[in-house]
Structure formats: structure tokens, C-alpha cells
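Engineer: Pasting in a structure now, in C-alpha cells, and then I'll have a few things to ask.
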Amino acid sequence: MFFKLLFIISQVLDDLKHRIELDLARLAPPLEDVGFNYGFNTDYLKEVGDYWLKKYDWRKAERGLNRFPSFKTRIDGLDVHFIHAKPSPEAARGKKVLPLLLVHGWPGELLLLLLLMLLLLPLLLLRLLEVASYRYTKNGRA
């Protein structure tokens, strides 16, 4: 089953921004010269909140997450999400594409795997790998 990984309606994002603004307005000043020794430093928390409110582009992140087609299947009673990413037809023309399975255990790791896929996808074309493995082909030794 193909699906978009996520799409958050504008009202939900507006509500989130409003709640962040309210929370930031209630922060107590941090203790002097203690950094993070007694919890999260509220000065830094204000910077993080300001970033989420004014600089973070949720729609851009959403487009990045949805760049590759997502699917869900059921394996042994568990719903399993997977992304089937392929190089473009132009890049793969005349080359054998090697499969690569990347597995993660936590939802946040998906973001790291998406970045890794962007780096690895062009390298999965056999012609590039043949050059890298050339020295191992002579008499089966390096």
C-alpha cells in the first residue's frame, strides 16, 4: 500500500506554533553559570523555540520525507513501513542496479536513513562498484 509519509494540516502547525509561543513566554530565567547541570538551560530552550517558530520550514521537511515512495506491509502480524527507492532511469540506463536493504529500529532513525539514501543511491549502480572492486578480480586475490 503506497502512502505519503506525512502531511500535517495547517491548523495543526498553527496550533503547535501557538503552544510553543505560550510555553516560551512562561520560562523562568536559568541559574547563573550552571549550563545544563540542573536541567535544560532555558536560554538555550528559547533559541530552540525561536528556531522552530521563525526559521524551521516544516513544508520543506515534509517534502523531503515524502520524496521517496513509502509503503506499509504486514509481516508476522506487525505493520512494517518501508521505502522503495530507485535511481532515476537516466542514471540506471545500461547499468545493473544493486539492491541495498537499510533497516532501522526507531522512528527518528528514518530521517538519518533518508539522508544516507540520498548519498548512496547513485553509488548502487554496478559500473561504479565494478571500478572499486577491479583489484579483487585477478586470480581471486588483491
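Each reported figure results from applying straightforward, stated rules to the coordinates on display, with no laboratory input. Quick caveat, the model's predicted, so the values are computed rather than measured. Please note: Cβ atoms are built from the backbone with ideal geometry, for glycine as well, and neighbour counts cover all protein chains shown.
Engineer: If I model a spin label as a point 7 Å beyond the Cα along the Cα-Cβ vector, how far apart are those points for Asp33 and Ile20 in nm?
Structural biologist: So the two model labels end up 3.3 nm from each other.
Engineer: Could you rank the peptides 55-64, 69-78 by their average count of other C-beta atoms within 10 Å per residue, with the highest value first? List each step's numbers first, then the result.
Structural biologist: Working: 55-64: 11.7, 69-78: 9.9.
The densest-packed peptide leads the list: 55-64, 69-78.
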